[in-house]
Structures are given as structure tokens and as C-alpha cells.
1. How many residues are assigned to a loop (DSSP other than H, G, I, E, B) and touching a helix residue (DSSP H, G or I) at 6+ places or on another chain (Cβ under 8 Å) when one looks only at segment A:99-130?
2. Within segment B:13-22, is even one residue within 24 Å of the chain's Cα centre (by Cα) and crowded, with 22+ Cβ neighbours inside 10 Å?
3. Would you mind telling me which numbered condition in (1) assigned to a helix (DSSP H, G or I); (2) crowded, with 19+ Cβ neighbours inside 10 Å; (3) free of Cβ contacts under 8 Å to residues at least 24 places away in the same chain residue B:524 fails?
4. Can you say whether residue A:124 is more than 11 Å from every other protein chain (Cβ to nearest Cβ) and either more than 13 Å from the chain's Cα centre (by Cα) or surrounded by fewer than 22 Cβ atoms within 10 Å (Cβ to Cβ) (or both), as far as the supplied structure shows?
5. If residue B:1 satisfies all but one of (1) in contact with a helix residue (DSSP H, G or I) (Cβ under 8 Å, 6 or more places away or on another chain); (2) modelled with pLDDT under 95; (3) within 14 Å of chain A (Cβ to nearest Cβ), what's the number of the condition it fails?
6. Please verify whether segment B:453-461 includes one or more residues that are in contact with a helix residue (DSSP H, G or I) (Cβ under 9 Å, 6 or more places away or on another chain), closer than 21 Å to residue B:224 by Cα and either assigned by TED's automatic domain parsing to the domain that holds residue B:97 or at pLDDT 95 or above (or both).
7. Determine, yes or no, whether residue A:119 is in contact with a strand residue (DSSP E or B) (Cβ under 7 Å, 6 or more places away or on another chain) and within 9 Å of another protein chain (Cβ to nearest Cβ).
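The values are calculated or read from the model by the stated rules, or taken from the named source; none is laboratory data. Every value quoted in this text rests on a predicted model; they were computed, and no experiment measured them. Heads up, the Cβs are rebuilt from the backbone with ideal geometry, glycines too, and the neighbour counts pull from every protein chain shown.
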């Protein structure tokens, strides 16, 4: 499925490794349960972890400096736990790698996810990029701090969203 | 670059500047786009639903309902006229004030909503987060900035919370809705202990606000009295601390069962101490400098509020005293419908939206226009909507009360029943609501008629009667001294009675006294309950006090006595 980053569709170099497969070379995404195995891998390539909605980001605390990607998921768009996971990764654990979301989420949640620190979006096939672009551009102001540390506007917590 | 904002002109509410207006306009266009995507099929109904709910648009039994926010209950006269216009142009000439300081329009067309939201935006109003699983409209004391017993005007902080919670990136898809109320008086008039978070503000040693924080209260299927989470939250940590509470809730609140998804269930499941530990751990870990609420931020928001400029009213009280002596009906209204003001010679006036036999909270567009004019004439152009579904004029000269009362009386708004048995809270019920089991309105009307005698009400004294059409408890029946709950009894509408609820500092949850009865049987049963109180009470004892002293038994016997 298309991978959206910085308003562009980019090549996805990452391979999701299922529970029962040996770890290949290259950039691999493993479930939390295989984190230690992934860290001990001898092959080349980067390592990422898939964190389920009910798994604590704290579980990644030690490993984060060696990870390049954390992938979060929406089983349904109404389940907003990924917002908190993304924000915690950025704000508490200072994770500087990519944060990805997969599953069922809407263009209408795009700006919120960006502001929580998500950088990569796996979107449905045949998605109209214009819809995502518009969702980002329609609203240019926000009323609370976010991990993006946007430029303040006037008084209080008001800030301009990045174009 | 910071612009020089226009000075605020509206008393009691935050005045928008160009930036705030731009934001609202953008939000309207965003919703217009969502409506178009729904109509084109790009959004499924399932996907559209939370988006429209976050703009206050419900699909009810017969039509769409639009719920417009009245943040911390304050409206300018101009805003009230806008609401009247919307009622006239897009609805059936009336609106309904809710128990959370919102107004609902019951007969709205989906395709009209973007235009309505645009008209609201022009008047600095919106319907953002009046529904959905997000932080809802922040409610406050209807006598804020006026009440003699107030220690701190909570509206500035309510506005800060409104702004902070507006389209919050992290907390817009919570497990369930999240309601915050804030009060600045020792007398809890906001039902702080029946909110997801209740804040009681006071002044700290440094002159800045300090908050008592209650968490996990609520009505609904599982009524719970909120518990104290913090006693002394400093102003500068208000946002950070609420972020911490919300983050714990968003991460760990249940999502498998909507009836167990409110924060009260999480607090109960973890226990208060463990919940507090989670919140504190989050609070300690977060970047508090990012969320710190600096005094200059608070003052910048405060500067957007205009204050009433009081006149010398030193002779007003004496004049009122004479007028009261001359007219017992007026005296009765002054007794029930006014509230002590900080300023000598002034008082706050509660205008009852509960005339005898009327529909609680319903106001016609003509009445809205009249209320706007009266606000201009008597109260610095400011109005307040109460969670008890009435309208307040905050700052009225006492020597203006008589003329005000005469106009109100001539227009069906002069009922002297605030705090009395006919000052009924009622949800819209099965006449409108898709969730209801029974109609709340007809039984409210019958009870209102039954007890309409001013002398009888005066004899009964303070009594809160609340009616909900279903277990979701929008009519706050558990918080009524007498509560009525509509149920479905083998396909028929029926009503259970609860006794002993109260929403104040000594909050309690009303308990069901027995099996459900028909509408007319319930009205009769309540009359017998009230008679029992009149017989059993000690001198000076209010209904709730007699109820607590005697327990439910004598009232239950009376309710089910079929002599």
C-alpha cells in the first residue's frame, strides 16, 4: 500500500516479518515479542518494531536508540490510542526515528497524527493524495502545544501549523 | 506577527480576534468538505458519524439535531439574536437549552449545517466538540463573576480550557466523551462531582488560582460521585496536569464496551491511588515547560474579557424593598429568582424557562430576541445559560427588577419557581431522542401543571425534580432530590422514581424506590411523596434533608399506596 511521508508517496523499504519466519537481511519490522531477536540479528539493514495499541511504549525504552522505525496501528479509526503512543515516543522517549501508522485511519485525522509526531502513513491503494493534502492545509491554526513546537501566534497557546 | 487585537466589548466572554475568527472559518470549510465527501460517498456513514458529532450534529428520531456550544454558559445579546435567527430560519422557531450549557436545534437539514455553522462563526460561536468522544464544552457557574460567595471568576480558566481542548490532536478519539466543569465558589453550582473532571478554583497564596481536582464523577448507567485527585493544583500546572489525566485515560480507558468506557470506570478499576500514581508518573515524565500556563498567558486571555462598569446604585436596595412590600407576586419572584451579587445595589436574575405546563428549556425565537433586548437594557448585554435549563441576567440593578419582571411576566418568562419543584430538568426524551425509552416532556408538563400553584410551591420549598427518558441520564435524574427515569416496560413507556440525589458539595446519588409505573400513576405517586414530606418534615427542613433523615421507606410506602 502507498506510504505517505512529507506529503509525498515514498518507496517502502521495510519488510514486515511475521511471527514464524526467520529474520531476513534488509530493513525489517518485527513484533515487540521479537525485539531482542531483532536487536541480535547479524544481518545488515535497519530495525523497526510494530507496537500494538495495547502495548506500552515504555517497553521500547532501552532499544529505541537502535531502532529506526516504530509502527503503530489503528484497528479502527475511532480507537485513538496511537495518538498517545506517538506522542509518548516523541515527548517522553525522545525518539527521533520514523513513527508510522497503519490500519484504518482517516484523512481527517492526518493533521492530528502529524502533531502527535507521526511521520509515515500507510494509506489505502488508489488514495487521492489531494484529499490528504487538503486535510493538512484546511486548518492553519491550533490552540495547544504539540511535539512539533509550532510557531506561536499572538497570545496564549495559539500557534500556526506548518504549511 | 502579533496583531493589535480589537479591544473586547462583550462583557463576560472571550472576544475573538482576527486569528480566532480565521480558525472558525477554516473549521467550517473543513466540515463543508466533510459533508461533500459524505454526499459523494467518499466517506461512509460510519466514518462520517464521528466527524459530524464533533461538530455537534446528531441524527435523531425524526431529523438531524445541531447542538451549539455556549462556552461556560455565556452569550452576548448579539449571539442570542443569532440563535434566534437560526431557530427562525433553519428550525421550527424554537431552541432547547440543555443541561450542559448548550442549545439544541431539533429540526436541521444536513445540507444546511455548513451554512448554519458559518453564521455561528460570524457571531463567534461554534458547535465544536458538543458531541463525540472528545473533550466537550466546558461548563461553569451561571453566577460566575457575579456571585457574592465567589472567590475566583472561573471563566478565564474555562476559556483557557476551551481553547486548549479545541481540536486537541491527541484527545479527539478518546474511549468516550469527557466533560469538564469549573467553579470558583465554595457553593458547588456546577455539579463538579458529577463530571469526568470537576475543578474548584480558589485563590492561592501568590494571588494565582489553585484548583481542587475531582475525577471520575458522572451519571449515566453507572452513576458515580467524583473523587478528589488533587487538593492544590497550581495554576501553572493546570494544562499539564489535565494532559496527564487525559493521557492515562486515552491509553488505558476501556474501548471494548461503550458502557464501561468512561473515566469513572477506569478510576474504579485501578482504584484511586493507582490511578493517581499513573497520572503522577505521566505528569513527572512529561515536558512540563511545554504545557506551563504562565501568568502572562492567563492575563492575556483575561484581557479579552470586558467587565461590567457598575454605576452607583446605593439607593437601589431601598427602592426594591418598597416595591417588594407593595406587590406580593413580585416579592415572591424576587425571593426565588434572584441571587446575591458582589456589587451593592445589584443582583443576578434567573429567568425561568419552565412556565406552568411548559417544556423545560424550550425557548422560542421571539423569546430569545426579547431576552437579548432585556440583556442589553438591564445586564450589560450579557446572558448566561444554566445547566438547570434557565437563563440568567448576571448584573441587574435592584431598582430595575420591577420593570424587568413586568416585561418577563407579560411574555411568559416571569415564573417564580427557580429551585422549586416545577423548576424541572428534563431531557428531550422520546419525542426527539433516538436513545430514549420514554417521553420526558409530557410527564414534566403534567408535574409542572400539578404543582403550578405558587402558594403550594412556596409551602414545599427547595426541591429539585429531574427527569430522564432513559438510563443515559441526560436529565440528571440521579442528581435530583426526586428523580424520574423513563423505562420500557414490556413495550410500554413507564417511569421509575429515585429519591435522595443531590448535585452540590454534599453530592449523593438518588436510589430507585421500586417498580415502574405509568405516567399518570407516577405523577400521583410524586404528589403523595411530597405530601409525606410536608407531614413528616421538621421545621425548616428541606425535602432532601427529610429524605436523608427518614430514608426511603415512608416515601416508598406513600408512592405505592393505592388507597
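1. 6
2. Yes.
3. Condition not satisfied by residue B:524: (2).
4. So residue A:124 fits the description; yes.
5. (1)
6. For segment B:453-461, residues in contact with a helix residue (DSSP H, G or I) (Cβ under 9 Å, 6 or more places away or on another chain), closer than 21 Å to residue B:224 by Cα and either assigned by TED's automatic domain parsing to the domain that holds residue B:97 or at pLDDT 95 or above (or both): absent.
7. So residue A:119 fails the test.
Residue by residue, here is whether (1) modelled with pLDDT of 95 or more; (2) assigned by TED's automatic domain parsing to the domain that holds residue B:280; (3) in a strand (DSSP E or B) holds:
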| site | (1), (2), (3) |
| --- | --- |
| B:207 | no, yes, no |
| B:228 | yes, yes, yes |
| B:231 | yes, yes, yes |
| B:249 | yes, yes, no |
